Amino acid sequence: MVIILIIGGSASQKLAAEVANELGEYLCPIETKKFPDGERYIRIKGTIEEKVVVIQSTGYPQDENLLELLFIIKNLKSLGADEIKVVIPYFGYGRQEKRFKEGEAISAEIVANLIQDAGANEVISIDLHEDSVRNFFKIPSQNITATTPIANYISNLSNNPIIIAPDKGALGFAEEISKLLDCDSTYLTKVRLSPEKVETQIADISNETNNENSSNKSKVAINSVKGKDAFIVDDIIATGGTIVNAIAILKEHGAKSVSVCCVHPILVNDAILKIYAAGAKSIAGTDSLKSEVSVISVAKIIADSLR
Ligand code: R5P
């Protein structure tokens, strides 16, 4: 049997341990530290196998975590690893996948090139903000989804849920979860006015509800949240502005409770406080990023993608 070595960078060590556990593979010890002047140091302490899986999210501090990931990949190559699969549960810089304004750097492409050029043979990420980021890689890539662990989490909390996408971009994600739960879903529409400020409206779904052949047949009007446990689901919560607006609309429309789930809990600028202050019953994210609300494990879906 080929032993696969699992290595967790400092952003994802617990998750790496859980993935190793799921797979029954060896978790390789790694030493990571910062010198007093801020420079990074890494040392891989185990014996290098031919096949290695590196798990490292590149969320805050993005540049440090990314550089550490590049150090790990390059180091593994020079120590003799043949095949390096790189799991990046949260792919930092993934939201700048194109030039929105003239002269901007396409950061997601630059990051993808760096990871590939360092020696990655395959990249696996979870719910990339834009799936098109995978096109920047010339190596095989997978973008797996956390819909199943999120649906399982919701099913343990409510037997009367309704799933809400807080903007149209999250609609497909919300529908996948509602299918898994066999419950209704709906969505809101959002315009971002600034990094901190968004405007949210009720979507007009009058032409979308009664088509029996549509894959969207569980989509219902906003009034259907009345008396139900509403679960807002999104890929990312950053400032919390998107969620705060959605909570207000769901409460106005008589939801019995409003809970919030996301894949990547970035949570900046007191987002948790703002969301609870807006009336959320609970906030949950996956452990793609470490946070106070990272209670949904993605270890199993990562392990499944590596089997
Ligand atoms: C954007 O389209 C994403 O799916 C999230 O809705 C967004 O990143 C959330 O940002 P914030 O929490 O700052 O409103």
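The values are calculated or read from the model by the stated rules, or taken from the named source; none is laboratory data. Model, not experiment: these values are computed from the prediction. As a convention, Cβ positions derive from the backbone with ideal geometry for all residues, glycine included, and neighbour counts pool all protein chains shown. Ligands, DNA and RNA are stripped out before the accessible areas are found, and what is left, the full protein with its side chains, is counted by its heavy atoms. Shrake-Rupley method; radii C 1.70, N 1.55, O 1.52, S 1.80 Å.
Would you work out what percent of the accessible area of the chain, with all protein chains in place, is carbon or sulfur (probe 1.4 Å)? Working shown, then result.
Values: 6970 of 14500 Å².
Here carbon and sulfur together make up 48 percent of the probe-accessible area.
Taking one equal scatterer on every alpha-carbon of the stretch 97-141, how large is log10 of I(q)/I(0) by Debye at q = 0.18, 0.20, 0.30 1/Å?
-0.53, -0.64, -1.15
As an exercise, identify the trypsin sites (Lys or Arg not before Pro) in the stretch 1-103 lying in DSSP coil whose Cβ has no more than 14 other Cβ atoms within 10 Å. It would help to have the intermediate numbers written out before the result.
On the way: sites: K14, K33, K34, R40, R43, K45, K51, K74, K77, K85, R95, K98, R99, K101; in loops: K45, R95, K98, R99, K101.
Here the sparse-neighbourhood loop sites are K45, K98, R99, K101.
So how tilted is helix 171-181 from the main axis of the chain? Cα-based, degrees 0 to 90, rounded to 10.
Taking the Cα atoms of the chain, the angle to 171-181 is about 80 degrees.
Taking a 25 Å limit on the Cα-Cα distance, which of the listed pairs K14/K34; K34/K274; K34/K77; K101/K219 fall beyond it?
On the way: K14/K34 19 Å; K34/K274 33 Å; K34/K77 22 Å; K101/K219 35 Å.
Distance filter (> 25 Å) returns K34/K274; K101/K219.
Determine the relative contact order of the stretch 136-211: mean sequence separation of Cα pairs under 8 Å and six or more apart, normalised by residue count, in whole percent. Walk me through the numbers before you get to the answer.
Details: 80 pairs, mean separation 17.7, N = 76.
Dividing the mean separation by the residue count of the stretch 136-211 yields 23 percent.
To the nearest 10 Å², what's I48's accessible area with a 1.4 Å probe?
Here the residue's solvent-accessible area equals roughly 40 Å².
Roughly how large, in nm² to one decimal, is the mean projection of the convex hull of the alpha-carbon atoms in the chain?
Values: hull surface 70.5 nm².
The directionally averaged projection comes out at 17.6 nm².
For the stretch 15-162, what's the relative contact order in percent, using C-alpha pairs closer than 8 Å and at least 6 residues apart? Could the numbers behind the result be given before it?
Working: 208 pairs, mean separation 24.8, N = 148.
Answer for the stretch 15-162 is 17 percent.
Normalising by the residue count of the chain, find the relative contact order in percent from Cα pairs under 8 Å and 6+ residues apart. Provide the component values of the computation, followed by the final result.
On the way: 654 pairs, mean separation 42.9, N = 307.
So the answer I get is 14 percent.
Please express the Cα-Cα pair-distance distribution P(r) of the stretch 163-252 as a list of whole percents, one per 10 Å bin, running from 0 to the bin with the greatest distance.
Whole-percent P(r) values from 0 Å outward: 18, 53, 25, 4.
From the backbone phi of the stretch 72-83, what are the Karplus-calculated ³J(HN,Hα) couplings (6.51 cos²θ - 1.76 cosθ + 1.60, θ = phi - 60°) in whole Hz, Gly and Pro given as x?
Here the 3J(HN,Hα) series is 5, 4, 4, 5, 4, 4, 6, 8, x, 5, 8, 10 Hz.
Could you compute the net charge surrounding G38? Neighbours are other residues with a C-beta less than 15 Å from the C-beta of G38; K and R count +1, D and E count -1.
-2
List every residue whose amide H lies under 5 Å from the amide H of V220, counting only residues 5 or more places away in sequence or on a different chain, with H placed 1.01 Å from N in the peptide plane.
Those qualifying (amide H under 5 Å, at least 5 residues apart or on another chain) are S185, T186.
Give me the accessible area per residue for the stretch 58-188, probe 1.4 Å, as a whole number in Å². Could you put the intermediate results ahead of the total?
Details: 5900 Å² over 131 residues.
Solvent-accessible surface per residue comes out at 45 Å².
Nearest 5 percent is fine: what portion of the DSSP beta bridges confined to the chain is antiparallel? Don't skip to the answer; put the middle values down first.
Details: 11 of 53 bridges.
The antiparallel proportion sits near 20 percent.
For the chain, what does -39500 (n - 2.57) per DSSP helix run (n ≥ 4), summed and divided by total residues, give at 222 nm, in deg cm²/dmol to the nearest 500? Write down the numbers at each step before the final one.
Details: 8 runs with 89 residues, N = 307.
Calculated at 222 nm, the ellipticity per residue is -9000 deg cm²/dmol.
Exactly which GluC sites (Glu not before Pro) in the stretch 185-289 are in a DSSP loop and have at most 12 other Cβ atoms within 10 Å? Don't skip to the answer; put the middle values down first.
Numbers: sites: E196, E199, E208, E212, E252; in loops: E196, E208, E212.
Here the GluC sites (Glu not before Pro) that fit, given the DSSP loop and packing criteria, are E196, E212.
Would you check the accessible area of S294, probe 1.4 Å, heavy atoms only, in square angstrom rounded to 10?
30 Å²
Just check the stretch 91-167 against the gyration tensor rule for me: Cα atoms, a ≥ b ≥ c as the square roots of the eigenvalues, rounded for a/c under 1.5, and otherwise prolate or oblate depending on whether a/b exceeds b/c.
On the way: a/c = 4.10, a/b = 1.80, b/c = 2.28.
Oblate, because a/c is 1.5 or more while a/b does not exceed b/c.
Using a/c under 1.5 as the rounded threshold, could you call the stretch 2-103 rounded, prolate or oblate? The axes a ≥ b ≥ c are square roots of the C-alpha gyration tensor eigenvalues, and prolate needs a/b larger than b/c, oblate otherwise. Provide the component values of the computation, followed by the final result.
Numbers: a/c = 1.89, a/b = 1.51, b/c = 1.26.
Prolate.
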